[in-house]
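Report on the following structure.
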Amino acid sequence: MRSLFASYLRVYEPLTAFDRERQVYWRRYVKEGRAIAPAEGPGRQRTTVLEALGAGWTRLPELPDEAYVLEADENLLICPWNLRIRVAEAALTARDGVPSILADAFVPPLFAGLAKSVLEDWRSGSRVLERGLPRVHEQVATWGVPLRWFVFVDLSERELTLRPERRALRYRTEISKARRRAHRAHSVLRRSLGDAPITAAVEETARWLEEFHPRSVVELDYGGLVNLLSDETLTEDDSPGLVAAGLAAVGRGEADSATSAYERLVERWRAVQLLERCN
């Protein structure tokens, strides 16, 4: 299946972050070779969600437990797909911008209500322990990379592959480092810009990172976006460095330097976003 033009921010948690039953399941999952590579996962997820949405529309279906798996220092780290949340999101999105008569025919109110309940429970986090609702380990952005994501990684953590059969660009870092960078960035932005949208966005993602085990790994994956970018562009991409330089300039009160870094970033990613209109 053709790659989706999307980027991904993932958290891989160690097995100790899961209860005993889940640990047994994920060990068996890996031993049986069922883990799915990140390059294949987005297409598989999309197919599973679409098939689930077509199955009666009377309840949120039971979905298979799938995950990306990372082996680091002889330890298994798991990034579950949380497909139940994906189906709920897709059900509500399908109703957006559609007249109520058509929306009710396509996604019945009962099903929409169930989907809304699942998402509200997840977002509030108030009943995670009581009902075992999963944390969402993966955030997805289409036709670009949200600039706030670059706050959490460093240019030195880049992993670039340019083989004909496999092109990929990703960053991986310890969650402790990602959290420190997030809190530092939020402090600078709050002090310099106040309650600006970028300040709130960084704070929201920083709170999301706090949900996970302290020995987790954070991954920023360009995903299918690499198919829109040349080898030269990928090799020269320094977006995390530009974000770091911009934040440092903001902290020093150097408006011109901060604006220059920001404008270079926006120009670079606007070129990718504009491709959506040509699609």
With every protein chain left in place, what is the accessible area per residue of region 180-279 in square angstrom, probe 1.4 Å? 56 Å²
So if we plug the beta-carbon distance of Arg270 and Ile101 into 1/(1 + (r/R0)^6) with R0 = 41 Å, what FRET efficiency do we get, rounded to 0.05? 0.60
Of Asp73, Asp121, Asp96, which is the most mobile in a GNM of the chain whose springs link Cα atoms less than 10 angstrom apart? Asp73
With all protein chains present, the chain has a carbon and sulfur share of its accessible area (1.4 Å probe) in percent of 50 percent
Taking the chain as a Gaussian network, where each spring joins two C-alpha atoms under 10 Å apart, which residue of Pro146, Pro80, Pro197 fluctuates the most? Pro197
Classify region 156-197: rounded, prolate or oblate, from the alpha-carbon gyration tensor (a ≥ b ≥ c, eigenvalue square roots; a/c under 1.5 rounded; otherwise prolate if a/b is larger than b/c)? prolate
At q = 0.17, 0.19 Å⁻¹, what base-10 log of I(q)/I(0) does the Debye formula yield for region 174-279 when every alpha carbon is treated as an equal point scatterer in vacuo? -0.99, -1.14
Under 10 Å, Cα contacts only: if you run a Gaussian network model on the chain, which one of Glu204, Glu32, Glu66 comes out with the highest mean-square fluctuation? Glu32
With n ≥ 4 as the cut-off for DSSP H runs, can you work out [θ] at 222 nm for the chain, using -39500 (n - 2.57) per run divided by the number of residues, rounded to the nearest 500? -15500 deg cm²/dmol
Bins of 10 Å from zero: percent of alpha-carbon pairs in the chain: 6, 25, 33, 25, 10, 1
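The values are calculated or read from the model by the stated rules, or taken from the named source; none is laboratory data. Bear in mind the structure is a predicted one, so any value in this text is a computation, not a measurement. Reconstructed Cβ throughout: ideal geometry from the backbone, glycine too, with neighbour counts over all protein chains shown. Accessible surface is based on the protein model in full, side chains and every heavy atom, while ligands, DNA and RNA are left aside. Shrake-Rupley method; radii C 1.70, N 1.55, O 1.52, S 1.80 Å.
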